Amino acid sequence: MVDRIARDRGAPQTIKTDNGSEFISKAMDRWAYEHKVEIDFSRPGTPTDNAMVESFNGRLRQECLNEHWFMSLDDAKSKIAAWRRHYNETRPHSALDWRTPREFALLHGLKPMQQGKPKAKIPNL
């Protein structure tokens, strides 16, 4: 998935992240090195270092995770994928001058992300 996003949009120069175990893996470090991407870790205990991601996590929890019962892993994947499509394609964002991320990408000549059905298995980096 990460390679597809980088192929469609280009790799970022920097990835700002916390110190969660998913971001300190050898696979993530190797991918970043191979694509010349700097990983910028926030200071432990300072969520303000990564306020944009913390805001997104709050929206995900408030608008999706707290609103649904997940009856199985497949049910969770389906509901989260539907929320992701809504978030990226139809939900306006104040930080984007009340545009959707899709509208913002098109306005700036970027290819909008393709929002397909989730894969049965989450791919490795």
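Is it the case that some residue within region 28-35 is within 24 Å of Ala81 (Cα to Cα) and either in contact (Cβ under 8 Å) with a residue 12 or more places away in the chain or of a type in the set (D, E, K, R) (or both)? Checked against the condition, which is being within 24 Å of Ala81 (Cα to Cα) and either in contact (Cβ under 8 Å) with a residue 12 or more places away in the chain or of a type in the set (D, E, K, R) (or both), region 28-35 yields at least one hit. If only residues of region 41-53 that are assigned to a helix (DSSP H, G or I) and exposed (fewer than 15 other Cβ atoms within 10 Å of the Cβ) are counted, the one that is nearest to the chain's Cα centre (by Cα) is Val53. Would you confirm, using the coordinates I've provided, whether Glu103 is exposed (fewer than 15 other Cβ atoms within 10 Å of the Cβ) and outside any strand (DSSP E or B)? No: the conditions fail for Glu103. In this structure, Lys26 does not qualify as under 15 Å from the mean Cα position of the chain (by Cα) and of a type in the set (D, E, K, R). Residues that are at positive phi, loosely packed, with under 15 Cβ neighbours inside 10 Å and assigned to a loop (DSSP other than H, G, I, E, B) do occur in region 18-40. Among residues of region 106-125 being within 24 Å of Gly58 (Cα to Cα) and either among the aromatic types (Phe, Trp, Tyr) or open to solvent by 90 Å² or more (accessible area, probe 1.4 Å) (or both), the one that is modelled with the lowest pLDDT is Ile122. One residue alone among Asp40, Asp3 is touching a Ser or Thr at 6+ places or on another chain (Cβ under 6 Å) and under 26 Å from Lys111 (Cα atoms), and that residue is Asp40.
The values are calculated or read from the model by the stated rules, or taken from the named source; none is laboratory data. Computed from a predicted model, the values in this text were never measured in an experiment. Using ideal geometry, Cβ is built from the backbone for each residue, glycine included, and neighbour counts are taken over all protein chains shown. Just the protein is used for accessible areas: all its heavy atoms, side chains included, with ligands, DNA and RNA removed. Shrake-Rupley method; radii C 1.70, N 1.55, O 1.52, S 1.80 Å.
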